[in-house]
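What follows is one structure encoded as structure tokens, with my remarks underneath.
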Amino acid sequence: MIVFADKKTLYPIPQLSLRYPLPLFLLLLILLTGSCQQGDAGSGQSDPHSFADPEQAVVTHLDLNLRVDFEQKQLSGAAAWSIKPGNNADHIIFDTHGLTIDSVKIYPGAQPASYRLGSPQGVLGSPLRISITPATRAATIYYRTSPQAEALQWLPPEQTAGGKAPFLFTQSQAILARSWVPCQDSPGIRFTYTADVQTSPELMAVMSASNSTEKHPDGRYRFTMEQPIPSYLLALAVGDLEFRPLGPRSGVYAEPTVIAKAAFEFGDTEKMITATEALYGPYRWERYDILVLPPSFPFGGMENPRLTFATPTILAGDRSLVALVAHELAHSWSGNLATNKTWDDFWLNEGFTTYLEGRIMEAVYGADYALMLAQLGYQDALEEIEDLGENSPDTHLHLSLAGRNPDDGMNDIAYEKGRLFLTMLETYFGRERWDHFLRNYFDAYAFKPVDSEDFLNFLRAELIQGDAAVEKDLQINEWVYGPGLPENSPRPASPEFARVEKEIDSWRNGKPAAELNIRNWTTHHWLHFLRNLPGELSQRQLAELDQQFQLTQSQNSEILCAWLLKAIPNNYAPARPQLEAFLESVGRRKFLAPLYRALAGTEGGLEQARRIYRKARPGYHPVAYHTIDRILGVNAGS
Ligand code: BES
Ligand code: ZN
């Protein structure tokens with residue numbers, strides 16, 4: 001049950017007022033607002049985070065040929081791009097970042113092309129401008145990556161689970177693909193690809209494409225991705241990997257010492273795929289596999305098509321953190337099919353996905369569970385708004401990220417305000433109409449870019465249908481272009497969490513921890529419990545909770561992190577060794593950032609945080625250490 005802010009905001013399903021013959025009206029609107037696919041001259045809008053000029057020429061297909069060199073920390077080879085030039089095209093522009101370009105050929109004719117690599121422009125990197133003619137059909141770029149490439153993390157064996165073989169993984173979203181492949185690095189431009197990757201025989205290479213399930217004795221792997229994808233979904237990982245099937249079209253890749261645990265943890269994957277298909281139509285990527293990465297992976301998960309990349313910190317042993325799988329799987333519809341046209345509309349990827357994640361979790365694990373997740377997310381939204389300031393433009397769903405690193409605008413707003421907006425729409429229109437609408441939306445925008453206006457126009461065409469009263473009720477402009485949470489926002493309230501709050505009250509009023517009623521509490525009950533403890537706790541109180549519930553020893557990364565966030569500001573020394581061990585072994589930014597921030601906020605804590613960070617930083621991914629550098633005010637400019 002979603003409890004609303006205000007009775008006024010509970011609306012009945014509106015009467016359809018058909019002032020226009022509906023099919024005609026819809027057709028007209030769809031024609032008028034239909035998204036401009038890649039290469040459409042006159043699409044007008046451009047992506048502030050890419051140098052590509054789609055009106056000159058766009059790519060349509062990539063044949064990638066790479067050699068993986070762990071010694072040099074370098075990928076080298078060739079990107080052979082099929083291209084579609086505009087009528088008067090005389091050049092094509094690729095994004096690059098830190099790449100060394102050895103030569104360029106254009107086709108037909110395999111002629112050496114004249115090209116120019118522009119000077120680097122901060123996070124955008126350098127434009128690579130290649131001269132072409134309207135008759136050009138392909139361009140092959142011979143290149144090498146830099147050892148500092150931001151998309152690549154080269155791990156020595158010590159940083160892997162097995163400790164014996166090195167590991168490499170890429171992280172292309174948002175604008176890092178250009179640091180390992182010269183590409184038109186804009187989410188509005190899609191292409192199919194093949195790849196030929198050469199590594200050493202003891203390692204396996206996997207990509208966001210068709211994958212082998214066995215090691216090849218010659219270390220050479222060939223990949224095909226038949227569905228067109230944007231560059232941020234290009235992905236590669238190389239390591240000592242093993243495969244285990246989970247279901248008819250799903251499986252898991254992990255290091256041999258992790259594979260059994262991973263196969264158990266992800267045992268519900270096929271159920272999730274089936275549930276999502278029942279809601280939103282067929283899964284269009286054939287297989288859905290999960291790759292478990294070493295702990296330095298800076299994210300929880302990354303929705304690389306056909307092969308979700310996941311942090312090992314969700315291997316809790318009891319499947320309690322698999323909402324992350326539901327989330328990355330949901331991106332197979334929201335994001336990977338219907339893709340945000342630029343990063344300004346990141347919420348169309350993440351807000352939709354967070355909403356879908358909730359629906360999948362409800363379908364597989366029940367409404368009580370999903371409501372707990374929704375309430376935790378709602379709390380995250382409120383906290384984010386408080387941190388950013390309730391009038392901050394960064395609390396708008398539609399962002400203006402031009403001139404900034406897109407990473408800077410990516411916070412809980414897109415995820416949780418986005419989810420609340422869609423939940424409001426669901427409640428307003430009723431599940432039946434809303435679910436039907438969403439399914440049509442994914443069909444209409446399958447393999448296409450979409451921006452906020454496209455979505456709103458589709459919503460108007462399909463559900464609002466010119467009804468001014470409905471339009472007013474929904475407060476769409478406030479949601480998408482305004483700050484904070486509009487007053488018709490849902491306020492998820494879980495009865496399970498009400499139970500937890502009762503126990504917190506009893507404990508605060510003197511009931512011993514040993515006597516609290518924690519029967520059947522799940523990970524999410526504990527998270528709510530920990531988050532809602534008083535800010536100030538005495539050493540005696542902390543020790544009582546710790547001894548009773550073994551919190552410092554928790555093997556659940558989310559519970560441990562929530563506990564440490566209480567322990568740190570209250571200077572609870574017994575948790576200190578665990579805190580240091582966690583910061584030194586885990587690279588997931590979502591944990592690192594609040595922990596370092598909390599530590600730096602205590603008396604004398606900044607020095608301690610910097611001391612731990614000095615040891616830990618070499619093990620972190622660039623995405624993570626850039627954030628922590630800023631929090632701790634170190635390594636500025638690096
Ligand atoms: N696509 C995101 C990760 C991402 C976002 C990478 C922005 C680079 C830039 C992924 O789907 C995601 O949202 N991951 C979350 C997990 C999720 C359960 C909220 C994460 O990593 O925490
Ligand atoms: Zn996501």
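For the reader, a short list of remarks on this structure follows.
- Were the residues from ALA468 through GLU277 laid out at 0.36 nm apart, the gain over their Cα-Cα distance would be 65.4 nm.
- Global geometry of the range 552-636, whether rounded, prolate or oblate, following the gyration tensor of its Cα atoms and the 1.5 cut on a/c: oblate
- Legend: distances between Cα atoms for LYS215/LYS590; LYS417/LYS472; LYS511/LYS590; LYS164/LYS271; LYS341/LYS417; pairs beyond 28 Å are LYS215/LYS590; LYS511/LYS590; LYS164/LYS271.
- Listing ARG284, ARG129 from fewest to most neighbouring C-beta atoms within 10 Å gives ARG284, ARG129.
- Taking amide H positions as modeled 1.01 Å from N, with prolines and chain starts lacking one, the residues under 5 Å from ALA113 and 5 or more places away or on another chain are VAL104, LYS105, ILE106.
- Estimated at 0.36 nm per residue, the fully extended path between ARG508 and ARG287 surpasses their Cα-Cα distance by 74.5 nm.
- Span from the the range 189-241 Cα centroid across to the the range 441-457 one, whole angstrom: 29 Å
- In the chain, the DSSP-assigned H stretches of four residues or longer account for a calculated mean residue ellipticity at 222 nm of -10500 deg cm²/dmol, using -39500 (n - 2.57) per stretch and the full residue count as denominator.
- Highest average packing first - 597-603, 565-571, Cβ atoms within 10 Å: 565-571, 597-603
- Loop trypsin sites (Lys or Arg not before Pro), the range 461-553 (other Cβ atoms within 10 Å of the site Cβ: 12 or fewer; DSSP): ARG519
- Shape analysis of the chain places it in the oblate category; the axes a ≥ b ≥ c from the Cα gyration tensor give an a/c of at least 1.5, with a/b not above b/c.
- Paramagnetic label zone (point 7 Å from Cα along Cα-to-C-beta, ASN440; backbone N under 20 Å) in the range 264-292: 277-282
- For the chain, a simple Cβ point-charge model (Lys and Arg +1, Asp and Glu -1, everything else neutral) yields a dipole of about 800 debye relative to the Cα centre.
- Top positive-direction residue, dipole computed over the range 339-481 with Cβ charges, set ASN349, LEU459, ALA381: LEU459
- Sorting ASP289, ASP505 from the fewest to the most surrounding beta carbons within 10 angstrom yields ASP505, ASP289.
- From the alpha carbon centroid of the range 285-360 to that of the range 547-587 is 26 Å.
- Each peptide in 47-56, 547-556 receives the mean, over its residues, of other Cβ atoms within 10 Å, and ordering these scores from highest gives 47-56, 547-556.
Quick note: the coordinates plus some simple rules give every number you see, no bench work behind them. These figures come from a predicted structure and were not determined experimentally. Cβ: placed from backbone, ideal geometry, glycine included. Neighbour counts: every protein chain shown.
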